Amino acid sequence: MSSIYDTIIIGAGIAGASSAYFLKQKGEKVLVLDKQGIATGGSGAAGAFVSPKIGKGGPLQSLTNEAFVFAKNFYLEHFPHCYHQSGVVRIPKDEADAKKFAEYEPHNENSYSRWDAEKLKAHRIKVPFESFFFDEAGACDAPETCTALLEDIDVQICAIEKIFYRDGLWVCIPAQESGNEGSSAYQAKSIVLATGYENALFDMRYMGVKGTWGTRGDFRSQLPMKVSMHQSMSVSANINGIIRLGATHEKGVKEPKPCEEQQALSLKNNASALVDTSDMELVEIFCGMRAGSKDYFPLVGKVIDVATMLERYPAIVRGAKPELKYIYNLYICNGLGGRGFVFGPLMGKMLADLVVDQKEPDPRVNSDRLFLKWCRKSPELDDIR
Ligand SMILES: Cc1cc2nc3c(=O)[nH]c(=O)nc-3n(C[C@H](O)[C@H](O)[C@H](O)COP(=O)(O)OP(=O)(O)OC[C@H]3O[C@@H](n4cnc5c(N)ncnc54)[C@H](O)[C@@H]3O)c2cc1C
């Protein structure tokens, strides 16, 4: 007889690892399943910069900056060895962008100072435009962070092909036991889907999760860079002789593919406008999918029973707003986009508050927000509209 868990989390990236951490803190017996292991999806590729969002304000900027404060405090308090608090300089792209920075400044919600051309030069940064330096920002070591979050939590490598609810428990069927619904390999009261860009286990079309492929390169260098920086790409501080350059946004990539050296070298080429790259030697390439939602906000919540809603309330596709029906004890933590290591801890906490205490997530991230609009507008439902 297999053991029965309170919650099984499918996916051991930063979303799954953060969810597992906070569920365990609440006393849950947790199992994490991943088809390849810890931080092997998008999270393994991340340069894992953790910095605030700049701009003209608005809900996504406020949420990102709240999540940033939560994340850096969380890493510093619980996992200081995983967080390199180098500070991050945000540098305008050109003269026009430098003018926009003046408009952004009143919306800087986190600790920062202004760096002029002289200060930038003193830090070996070639660009002369006045920039913002966020001293509390930095970068995580991505696999190390996910591994640390999962310490003392049961993690198993297993590709899950199907999940279903039977006799009061969720059952996860591994791919190698395909078709064997009598299997009781993994059972739990609740399931959390933290599967990144892959969402084949349930009908979650309304969340519109899509992957954006990206590449990052680690370069050996003697350049004594003490701070990290971000312009249209990121350059990390020099940590133990390695500078991380990230990341590309490669459009049209639907499925994972082997990492390409040419993409990593293009990052070095772009970085040469910011710093001296002459001694940088490529040592390792990482690539993966960032899983983002339709509206760029994260997704934390219960999974709606789409089939039942459409069948029971056909007028929903023309604007009716019936009460939502959920799939019992099935949850999601996803859509962290290009900021998994910023959003991960706060979203993991909200997820655990929902699963254990039935506390609804912040409406900005509650995945319910996308459902009724999807029913009204999605071309996928044109035939029944
Ligand atoms: C090149 C690159 C650079 C990035 N840089 C940064 C950065 O600087 N800062 C930052 O904060 N974020 C960054 N990100 C974004 C960050 O990596 C993502 O936000 C993060 O990966 C999202 O984590 P996740 O846990 O949702 O998904 P993932 O990390 O993709 O994890 C999903 C996991 O689910 C598993 N899985 C899926 N289906 C199944 C199944 N059926 N059975 C078992 N397992 C399954 C997969 O194997 C995978 O490990 C970057 C991403 C990329 C690609």
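What follows is calculated from the coordinates using simple rules that are stated; it is not laboratory data. Since we're looking at a predicted model, the values are computed, not measured. Cβ: placed from backbone, ideal geometry, glycine included. Neighbour counts: every protein chain shown.
General remarks:
- For Val253: the one exception among (1) under 30 Å from Leu370 (Cα atoms); (2) more than 11 Å from the ligand (Cβ to nearest atom); (3) surrounded by fewer than 17 Cβ atoms within 10 Å (Cβ to Cβ): (2)
- Residue ranges of strands (runs of 3 or more DSSP E) in the range 122-212 with at least 2 members within 30 Å of Met309 (Cβ to Cβ) and either in contact (Cβ under 8 Å) with a residue 24 or more places away in the chain or over 25 Å from the mean Cα position of the chain (by Cα) (or both): 160-166, 169-174, 186-193
- Taking the range 76-100 as the range and being farther than 22 Å from Met225 by Cα and touching a Phe, Trp or Tyr at 6+ places or on another chain (Cβ under 6 Å) as the test, only Ala98 passes.
- Filtered by the rule that a residue be surrounded by fewer than 21 Cβ atoms within 10 Å (Cβ to Cβ) and near the ligand (Cβ under 7 Å from one of its atoms), the range 1-43 gives Lys35, Gln36, Thr40.
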